[in-house]
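Inspection log for the structure reproduced underneath, given as structure tokens.
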Amino acid sequence: MPTVSTSDTHTPEAGTHLTPPPRPGRTPEAIAGRYVTFELAGQQYGVEGACVREIVGSEGILPLPRAPLCVRGLVEVRGRIVPVLDLRVRFGLDRVADPLHGDVIVLEYQAGPRLITTGVLVDRVAGSVTFDAASLVPVPELGGRDDEVDFLLGIGRHAGRVTFLLDAARVLSSAHPPARSTNP
């Protein structure tokens with residue numbers, strides 16, 4: 001009977017967890033920092049604090065005729081007209097009928113040589129959290145294409161909650177189409 005060597009198998013030791021290797025540039029050390037956290041359909045998300053310019057109420061959103069479904073409208077912020085995207089629609093979730101329900105996070109991000117300002121409609125801004133490297137884990141492989149979750153920088157854990165940390169430029173980029181809805 002042949003013998004099987006266990007030295008060639010990669011079994012974790014008892015009490016250890018399998019953690020995927022981080023994608024280049026997305027190590028816990030590289031993405032650690034302050035994030036503005038918010039809720040969307042009961043899940044907590046965060047965007048890098050350095051990208052957040054302002055948080056305003058959603059009552060000032062002006063509907064934009066013939067706009068794509070994920071564009072909720074326009075809002076005036078300190079004399080500037082800023083488009084507002086509905087993150088629920090962008091992520092393939094049910095759209096909230098009342099746009100007065102929620103907050104608008106005004107983000108600035110670099111898109112090539114241009115600085116883009118865009119508002120995102122979220123259910124509720126939760127606050128500001130500083131994630132250190134020890135509280136972060138890389139995004140796990142999902143068995144599909146990497147670009148399907150490329151908008152995630154990592155996953156943070158704080159106060160018993162899991163927070164999906166978003167790459168604002170990738171979430172809002174037109175090169176990354178809205179998620180396919182899983183709702184009937």
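The ranking of Tyr45, Tyr109 from fewest to most other beta carbons within 10 Å of each one's beta carbon is Tyr109, Tyr45.
Most tightly packed first, judged by the mean number of other beta-carbon atoms within 10 Å of their residues, the peptides 115-122, 75-82, 46-53 read 115-122, 46-53, 75-82. For Glu29 and Arg66, the FRET efficiency from 1/(1 + (r/R0)^6), where r spans their Cβ atoms and R0 equals 30 Å, is about 0.10. Within the shell defined by Cβ-Cβ distances under 14 Å, the residues around Ala111 carry a net charge of 0, with Lys and Arg each +1 and Asp and Glu each -1.
Rule-based calculations on the coordinates, nothing more; no lab input. As the structure is a computational prediction, the values presented were derived from the model and not from experiment. Counting neighbours? That spans all protein chains shown, and the Cβs are built from the backbone with ideal geometry, glycine included.
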